[in-house]
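Here the structure is laid out as structure tokens; the discussion comes afterwards.
The values are calculated or read from the model by the stated rules, or taken from the named source; none is laboratory data. This one's a predicted model, so the numbers in the text were calculated from it and none came from an experiment. Heads up, the Cβs are rebuilt from the backbone with ideal geometry, glycines too, and the neighbour counts pull from every protein chain shown. Ligands, DNA and RNA are stripped out before the accessible areas are found, and what is left, the full protein with its side chains, is counted by its heavy atoms. Shrake-Rupley method; radii C 1.70, N 1.55, O 1.52, S 1.80 Å.
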Amino acid sequence: MDGDFRTEFVREPGALKQHPALVLNADYRPLSYYPLSLWSWQEAIKAAFLDRVDIVAEYDEYVRSPTTRIKMPSVVVLKDYVKPQKRVAFTRFNLFLRDEFHCQYCGAKGDLTFDHVVPRASGGVTSWENVVAACSPCNLRKGSKSLRQAGMSLFRPPRRPSAEELRNTGRKFPPNHLHASWMDFLYWDAELEE
């Protein structure tokens with residue numbers, strides 16, 4: 001818990017299968033939407049006892065010790081604000097997230113790799129501005145040709161996303177499990193229906 005909160009919520013999948021706690025920053029926004037910032041119930045209780053978080057929602061189930069009975073936290077809020085990172089790391093995952101997990105040539109989902117728009121053989125560099133998500137068939141079809149030589153076009157030109165853009169894109173991809181107590185916090189800034 002003393003480390004960087006951005007890496008602390010990278011979790012062990014087995015520990016989160018039962019009763020994960022949604023972790024919110026001090027401004028009541030999730031630290032991350034994709035992957036969703038979750039802690040195991042054990043980490044959430046530990047943080048509450050260390051007075052690092054406030055529990056704002058609970059499961060109906062209890063944790064028991066010989067002398068204590070505590071409801072499992074389902075939503076916790078950090079007491080200290082963690083400033084979001086401004087710089088977005090250039091990773092395969094963030095590239096796919098920027099491109100919304102779609103091939104930028106044909107729109108297909110799945111079996112994604114990445115492609116250099118200006119091929120490396122022609123002096124293209126590996127950067128946000130020159131790499132896009134591509135399905136394997138499109139990547140093979142383009143090969144080391146230019147877009148014009150391959151007769152292909154992009155849905156969107158590649159560019160460096162802002163951290164806020166990636167957070168907003170991540171909101172479009174909810175995890176398989178969303179507990180009812182999380183909903184008010186995950187979409188609190190969404191426009192309400194009239």
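Counting only Cβ charges, +1 for Lys and Arg and -1 for Asp and Glu, the dipole size of segment 68-109 around its Cα centre is about 260 debye.
In this view, the solvent-accessible surface of ARG92, computed with a 1.4 Å probe and all protein chains in place, comes to about 120 Å². Dipole magnitude for segment 84-152: computed about the Cα centre from +1 point charges on Lys and Arg Cβ and -1 point charges on Asp and Glu Cβ, it is near 140 debye. By the Cβ distance rule of under 4.7 Å, the chain has these cysteines without a partner: CYS106, CYS138. Considering only GLY107, GLY143, GLY123, the mean-square fluctuation computed in a Gaussian network model of the chain, springs between alpha carbons under 10 angstrom, is largest for GLY123. Rounded, prolate or oblate: which one fits segment 89-140, using the alpha carbon gyration tensor with axes a ≥ b ≥ c (rounded when a/c is under 1.5, else prolate when a/b beats b/c, else oblate)? It is oblate, given that a/c is not under 1.5 and a/b is not larger than b/c. The solvent-accessible area of GLU129, taken with every protein chain present and a 1.4 Å probe, is close to 90 Å².
Share of carbon and sulfur in the accessible area of segment 82-185 stands at 54%, probe radius 1.4 Å. Between GLU165 and ARG52, residue separation times 0.36 nm minus the direct Cα-Cα distance comes to 37.8 nm.
When the P(r) is computed for the chain, the part past 32 Å accounts for 32% of the Cα-Cα pairs.
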